[in-house]
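Here the structure is laid out as structure tokens; the discussion comes afterwards.
The values are calculated or read from the model by the stated rules, or taken from the named source; none is laboratory data. Just so we're clear, the structure is a prediction, and the values are computed from it rather than from any experiment. All Cβ positions, glycine included, derive from the backbone under ideal geometry; neighbour counts span all protein chains shown. Areas reflect the complete protein model, heavy atoms only, side chains present, ligands, DNA and RNA absent. Shrake-Rupley method; radii C 1.70, N 1.55, O 1.52, S 1.80 Å.
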Amino acid sequence: METTTSGLFRRQWPAVVCGTLLWSAAFGAGWHWAPTDPTGVSLAPKNGDWNLFAEILARNVGVSAALFLGVLTLGVMTIPLTLLTGVLAGYYWGQGSAVLGAGGVVRHLLPHMPLELACLALAAAAGLVPLVGWARAGLTGRATGAGLLARAGFPDACRLWGVAVAGLVVAAGIETWVST
């Protein structure tokens, strides 16, 4: 079995696609329903420091952990958690973009947004690995002789989540010292 990141993505591409589609659809729905008024949006500048970095990182890793921990329910709980967190994130980002305008989006959201959202989608994919893996095995009729955890894709799910968290560390740094 290939242990590189590219091998991981080759093995788990269906889960990555499912997690990305589910997260993106929920995020888009939240963005669409977001109000255009400034309620709840602070335009006060923030100072980029280690406290802000820790706050951003804790929030994003917490969301990614919730998405990943769906793996404990064999991927089933990842679906509602992805829908909920995706809609909430889209709602707040949509409201912020309406208030900030195009220039504000480019300055305050665009530097970190693509990486952050991709990493959260990857965390959702990690949580979906067992469900997607078993669905694939049922559809193709190919069963593996591996142990229960390996058959459920748990090692690959952990690796995918690790890649997501590493990306969230970078995104938090960008959000702290570039986007603020």
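Values computed for the structure shown
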item: Residues of region 76-99 that turn out to be of a type in the set (Ser, Thr, Tyr) and over 24 Å from Trp134 (Cα atoms), as a count; result: 4
item: Pair list, Cβ < 6 Å and 6+ apart or interchain, from region 137-166 residues that are open to solvent by less than 70 Å² (accessible area, probe 1.4 Å) and in a helix (DSSP H, G or I) to residues that are modelled with pLDDT of 90 or more and hydroxyl-bearing (Ser, Thr, Tyr); result: Ala164/Ser64
item: Test: residue in region 85-94 that is open to solvent by 10 Å² or more (accessible area, probe 1.4 Å), free of Cβ contacts under 8 Å to residues at least 24 places away in the same chain and more than 29 Å from Pro155 (Cβ to Cβ); result: no
item: Flag for Ala58 being in contact (Cβ under 8 Å) with a residue 12 or more places away in the chain and either among the aliphatic types (A, V, I, L, M) or surrounded by fewer than 17 Cβ atoms within 10 Å (Cβ to Cβ) (or both); result: no
item: Some residue of region 6-29 being open to solvent by 40 Å² or more (accessible area, probe 1.4 Å), hydroxyl-bearing (Ser, Thr, Tyr), closer than 21 Å to Ala172 by Cβ and in contact with a helix residue (DSSP H, G or I) (Cβ under 6 Å, 6 or more places away or on another chain); result: yes
item: Residue in region 101-114 that is nearest to Trp23 (Cα to Cα), counting only those that are assigned to a helix (DSSP H, G or I) and open to solvent by less than 60 Å² (accessible area, probe 1.4 Å); result: Met113
item: Which listed residue is touching a helix residue (DSSP H, G or I) at 6+ places or on another chain (Cβ under 7 Å), within 16 Å of Ser179 (Cβ to Cβ), of a type in the set (A, V, I, L, M) and in contact (Cβ under 8 Å) with a residue 24 or more places away in the chain, from Leu81, Leu115; result: Leu115
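Quick grid of which residues meet (1) in a helix (DSSP H, G or I); (2) of a type in the set (A, V, I, L, M, F, W, C); (3) modelled with pLDDT under 95:
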{"site": "Pro35", "(1), (2), (3)": "no, no, yes"}
{"site": "Ala44", "(1), (2), (3)": "no, yes, yes"}
{"site": "Ala54", "(1), (2), (3)": "yes, yes, no"}
{"site": "Val61", "(1), (2), (3)": "yes, yes, no"}
{"site": "Leu72", "(1), (2), (3)": "yes, yes, yes"}
{"site": "Pro80", "(1), (2), (3)": "yes, no, no"}
